[in-house]
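The values are calculated or read from the model by the stated rules, or taken from the named source; none is laboratory data. Nothing here was measured: the structure is a model prediction, and the numbers come from that model. When we count neighbours, we look across all protein chains shown, and the Cβ atoms used for this are built from the backbone with ideal geometry, even at glycine. Note: accessible area is taken over every heavy atom of the protein model, side chains too, but ligands, DNA and RNA are not part of it. Shrake-Rupley method; radii C 1.70, N 1.55, O 1.52, S 1.80 Å.
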Amino acid sequence: MNILNNVDLSAANTLRLPCQAQRFTAPRTLSALRDVLGQARREGWAVTLLGGGSNVLLPEKLPGLVVRPALHQWWLSGHQDDQNAQEDDVFAHVGAGVNWHALVMATAARGLWGIENLALIPGSCGAAPVQNIGAYGVELADVLHAVQVMELATGRVDWLSAEECAFGYRDSLFKGELAGGVVITQLVLRLSRTPAPKLGYGDIAARLPSFPTPLAVAEAVCAIRREKLPDPHVLANAGSFFKNPLVNDEQVTQLLRQYPAMPHFPQGGGKTKLAAGWLIDQCGLKGMRDGAFGVHQHQALVLVHFGGGDRHGLMKTANYIAAQVEARFGVLLEPEPRLINP
Ligand SMILES: Cc1cc2nc3c(=O)[nH]c(=O)nc-3n(C[C@H](O)[C@H](O)[C@H](O)COP(=O)(O)OP(=O)(O)OC[C@H]3O[C@@H](n4cnc5c(N)ncnc54)[C@H](O)[C@@H]3O)c2cc1C
């Protein structure tokens, strides 16, 4: 087992927050993963799971063992034990360590529909179910068939159906009941050869011919995202820093009296989703800078790290922004990235 000591993780998270892991390992097989979890149990090391580091807020010192699953295999199969499977369905079996964007482009290039709108989301496939990644009108939950997990406490491997994952908006069982309890080791996605473009979001349709291929859709999504979002390799960030808040319909009615142009998206059940970026922008915070951190000049939802800061500084900036929004709109903003605590 290859366990490294005192590993610098500042380049292993897209916010480039300084972080020193006491121990780090990247197992390539299920049995290597089981072995290393067993050793962590015997030694009493706390285990932190890490993928591409694009949705985490890391502390400066991380004791215990950081495990980054390096299960890089993926393959396609024609059918699966599923009563609802259609003739044109193709199932993608994907190891946790596969890069999500690479998978999107590879399946789209094979003419398979399902995840093309999720192109250019950074990170690993293993982390994709944790916050039920979503973009341009599609969520992972729309295509997820099953998830394979390994229990940290026992090394036992199990399968969960999509229903069992309790997916919600940027939410799942892996953020709730199973948080810190399992490693996601494999996903099974249900893709299809039957054309099913979802072009109703943003200006994707305007960039495409009448009958686009999945690859053309994925490329259009990449082009839009490159125009709108800063590349973390150039300017450190974690994508959307705040979740779009869900508020009561009554509060929305009151806010609309004062702000008739406020974007709002009724979700049913008396709840409406607001656009966190719009709320931040209205507070005049787009482009603001607070030491090492700031709000991106074109995208109010993205906090950026100019270098030299740490998590404490980032949270100070984030709390300031949330306080401004709460004072003006009475709406609470919640960070989207996962706070990793020692
Ligand atoms: C520029 C940019 C754009 C983004 N755009 C979007 C977007 O459009 N939509 C969207 O939904 N997200 C977006 N994100 C957020 C992020 O890309 C996703 O949440 C992604 O799934 C995180 O993957 P990761 O491998 O980097 O996870 P990490 O950041 O490494 O980990 C995230 C969480 O998952 C846990 N975890 C990681 N691997 C596993 C595993 N194998 N088993 C169990 N738990 C695990 C970690 O412990 C942590 O709690 C964006 C981020 C950036 C930087």
Please determine whether any residue of the stretch 186-196 is in contact with a helix residue (DSSP H, G or I) (Cβ under 7 Å, 6 or more places away or on another chain), part of a loop (DSSP other than H, G, I, E, B) and of a type outside the set (Asp, Glu). no
Residues that are within 20 Å of Thr185 (Cβ to Cβ) and acidic (Asp, Glu): which strands (runs of 3 or more DSSP E) entirely in the stretch 40-151 hold 1 or more of them? 144-151
Unique residue being crowded, with 19+ Cβ neighbours inside 10 Å and either without any contact (Cβ under 8 Å) to a residue 40 or more places away in the chain or farther than 20 Å from Gly309 by Cβ (or both) when the list is Arg41, Arg16, Arg68: Arg68
Could you count how many residues in the stretch 291-315 are in a helix (DSSP H, G or I), surrounded by 14 or more Cβ atoms within 10 Å (Cβ to Cβ) and away from the ligand (no atom under 15 Å from the Cβ)? 2
If we scan the stretch 278-290, do we find a residue that is at positive phi and either assigned to a strand (DSSP E or B) or touching a residue at least 24 places away in the same chain (Cβ under 8 Å) (or both)? no
Within the stretch 50-65, the count of residues that are within 22 Å of Ala128 (Cα to Cα), within 12 Å of the ligand (Cβ to nearest atom) and either open to solvent by less than 10 Å² (accessible area, probe 1.4 Å) or not polar (S, T, N, Q) (or both) comes to 7
Conditions: (1) assigned to a helix (DSSP H, G or I); (2) within 22 Å of the chain's Cα centre (by Cα); (3) crowded, with 17+ Cβ neighbours inside 10 Å. Val325 meets all but one. Number of the miss? (2)
If I go through the stretch 34-63 residue by residue, how many of them are within 15 Å of the chain's Cα centre (by Cα) and of a type in the set (A, V, I, L, M)? 4
Determine whether the stretch 119-128 contains at least one residue that is more than 19 Å from Gly51 (Cβ to Cβ) and either free of Cβ contacts under 8 Å to residues at least 24 places away in the same chain or buried (at least 22 other Cβ atoms within 10 Å of the Cβ) (or both). no
What are the residues in the stretch 200-243 that are within 30 Å of Leu332 (Cα to Cα), open to solvent by 20 Å² or more (accessible area, probe 1.4 Å) and in contact with a Leu (Cβ under 6 Å, 6 or more places away or on another chain), if any? Arg225, Ser240
Test each condition in (1) near the ligand (Cβ under 10 Å from one of its atoms); (2) in a loop (DSSP other than H, G, I, E, B); (3) within 30 Å of Glu43 (Cα to Cα); (4) open to solvent by 10 Å² or more (accessible area, probe 1.4 Å) for Leu173 and report the one that comes out false. (1)
Return only the number of the condition from (1) within 14 Å of the ligand (Cβ to nearest atom); (2) closer than 30 Å to Gln148 by Cβ that Leu191 does not satisfy. (1)
Considering only residues of the stretch 152-166 that are assigned to a strand (DSSP E or B) and within 21 Å of Arg34 (Cβ to Cβ), which is least open to solvent (accessible area, probe 1.4 Å)? Leu160
So, in the stretch 230-248, how many residues would count as being within 19 Å of Ala11 (Cα to Cα), in a strand (DSSP E or B) and within 7 Å of the ligand (Cβ to nearest atom)? 3
Would the stretch 32-48 turn up any residue that is out of contact with any helix residue (DSSP H, G or I) (no Cβ under 6 Å at 6 or more places or on another chain), among the polar types (S, T, N, Q) and within 11 Å of the ligand (Cβ to nearest atom)? yes
